[in-house]
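The values are calculated or read from the model by the stated rules, or taken from the named source; none is laboratory data. Model, not experiment: these values are computed from the prediction. Glycine gets a Cβ as well: all are built from the backbone with ideal geometry, and neighbour counts include every protein chain shown. Side chains are part of the model used for accessible areas, which takes the heavy atoms of the whole protein and leaves out ligands, DNA and RNA. Shrake-Rupley method; radii C 1.70, N 1.55, O 1.52, S 1.80 Å.
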Amino acid sequence: MPNSHSRSTSLRLDGRLPADVAQAVSLLQQGGIGGIPTETVYGLAADAFQPRAVARVFEAKQRPAFDPLIVHLPDPAWLPRVAREVSSLARQLAGRFWPGPLTLVLPRQTTVPDLVTSGLDSVAVRIPAHPLARELIAQVGSPLAAPSANLFGRISPTTVQHVLDQLEDRIDFVLDGGPCRVGVESTVLQVEPEGLRLLRPGGTTVEEITAVFPEVAWLDPLASPGHNLPQVAPGLLTQHYAPRTPLELVDPANLGDRVRDWSGSHPHTQLGLLRWQKTPATRDEPAGTNTYTEWLTTTGDWKGAAARLFACLRRLDESQSELILAERVPETGLGRAINDRLRRAAARTE
Ligand code: AMP
Ligand code: MG
């Protein structure tokens, strides 16, 4: 009889249903690609050292090849497989924040396939905090290259269902690790001798890093010498994380006016609202309009808000609203990552 550690025999291997760890290991070793849980968002993983498998990831996501992938490890002891140099600052950051939502950009080993790094001389690495992800990578025996498991530019997935919705026909499996605890992507830091460049705000906050390393210098991410920006930080691409419905980012002070304006000129259409905190004071404002509202939090808890962000955006996208107005959240802690994703969702041009 099956026990909790047994390999289920009832699951199909054709990618239509979630897999168990043993199936995922075997598929990845054979060059397969699939959705894997991490604490940030679901990843679309391939063995980083099988370029054909990595190419399938780019193809499945329709991701441009200039946008490099994060390489995931189960243990810091694996770092030399992908990074040729790990500075003392990088080691300290890893020691304090791994496993967790922090990606370090380090000098690469030449053996890492060019497709993974988009030909850059650096490689982005992290150790995910999700135990299933680490167990999987350790059992595969090779680092996994994994971008978020969504179509390029679209909303990142925080549940297995989100992965299946966008990629079901293009992948070999999905491993179910439950809803993602953090819900926004990792913070990406380029570690340089002079300090750190914040290439993408994410699940590890600048405040947390500064609290542990108060002396560290923060370098301007836009002033990275000799680099073309999209290559240094594809996370800085202006259009990203976007719902299909147009989205506008609005300051809380202007929200009421913007809703009234829009509703006045679109009397018979629904407006989607992504609001920050639901309180007795905010809950009934703006009133009297045809709106569908998602609230990020009732308590002001940043972690809960970040974890809900992408699911809220998805529901808004499905709400038949003509436009989504997203209220800018306070620009502090995880608010930086939330505003960053909303800015990019708003920058969508198609
Ligand atoms: P995604 O996995 O879709 O969340 O995107 C991966 C992110 O990792 C990109 O947006 C980049 O910011 C970052 N990244 C990956 N490799 C590198 C690299 N070699 N240098 C700088 N950033 C990188
Ligand atoms: Mg992504």
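What is the angle, in °, between the Cα long axis of helix 252-265 and the longest principal axis of the Cα atoms in the chain? Nearest 10 is fine, range 0 to 90. Rounded to the nearest ten degrees, it is 60.
Sorted by packing (mean other beta-carbon atoms within 10 Å per residue), highest first, where do 191-202, 248-259 land?
191-202, 248-259
In this structure the amide hydrogen of Glu248, modeled in the peptide plane, comes within under 5 Å of the amide hydrogens of Ile324, Leu325, Ala326, none closer than 5 places in sequence on its chain. Nearest 500 deg cm²/dmol is fine: what mean residue ellipticity at 222 nm does the chain get from its DSSP H runs of n ≥ 4 alone, each adding -39,500 (n - 2.57), divided by its residue count? Mean residue ellipticity at 222 nm (helix-derived): -9000 deg cm²/dmol. Taking springs between alpha-carbon atoms closer than 10 angstrom, which of Leu120, Leu274, Leu316 fluctuates most in the Gaussian network model of the chain? It is Leu120.
Computed from the Kirkwood radius of its Cα pairs, the Stokes-Einstein diffusion coefficient for the chain at 25 °C and 0.890 mPa s stands at 117 µm²/s. For the range 247-347, the relative contact order works out to 39 percent when only alpha carbon pairs closer than 8 Å and six or more residues apart are counted. Each residue of the range 241-251 was assigned a 3J(HN,Hα) from its phi angle through the Karplus expression (A = 6.51, B = -1.76, C = 1.60, θ = phi - 60°), giving 6, 9, x, 6, 6, x, 10, 10, 8, 10, 5 Hz with x at Gly and Pro. For the chain, the carbon plus sulfur part of the accessible surface works out to 51%, probe radius 1.4 Å.
Computed from Cα positions, the angle between helix 334-346 and the longest principal axis of the chain comes to roughly 70 degrees. For Glu59, the accessible surface of its heavy atoms amounts to roughly 140 Å² (probe 1.4 Å, protein chains only, rounded to the nearest 10). Distance from the Cα centre of the range 288-331 to that of the range 46-110, in angstrom? What the calculation gives is 32 Å, centre to centre.
Go ahead and set up a Gaussian network model of the chain, Cα springs under 10 Å, then flag whichever of Ala55, Ala217, Ala145 fluctuates most. Result: Ala217 has the largest fluctuation of those listed.
Rolling a 1.4 Å probe across the protein heavy atoms gives the chain an accessible surface of 43 Å² per residue.
State, as an integer percentage, the relative contact order of the chain based on alpha-carbon contacts under 8 Å between residues 6 or more apart. Working shown, then result.
Numbers: 738 pairs, mean separation 65.7, N = 350.
Once divided by the residue count of the chain, the mean separation gives 19 percent.
In the chain, what % of DSSP beta bridges are antiparallel (nearest 5)? For the chain, the DSSP antiparallel bridge percentage is about 40. Could you run the Karplus curve 6.51 cos²θ - 1.76 cosθ + 1.60 with θ = phi - 60° over the range 296-312 and give me ³J(HN,Hα) per residue in whole Hz, x for Gly and Pro? Per residue, the Karplus-derived 3J(HN,Hα) values read 6, 7, 9, 9, x, 6, 4, 4, x, 5, 4, 5, 8, 3, 5, 5, 4 Hz.
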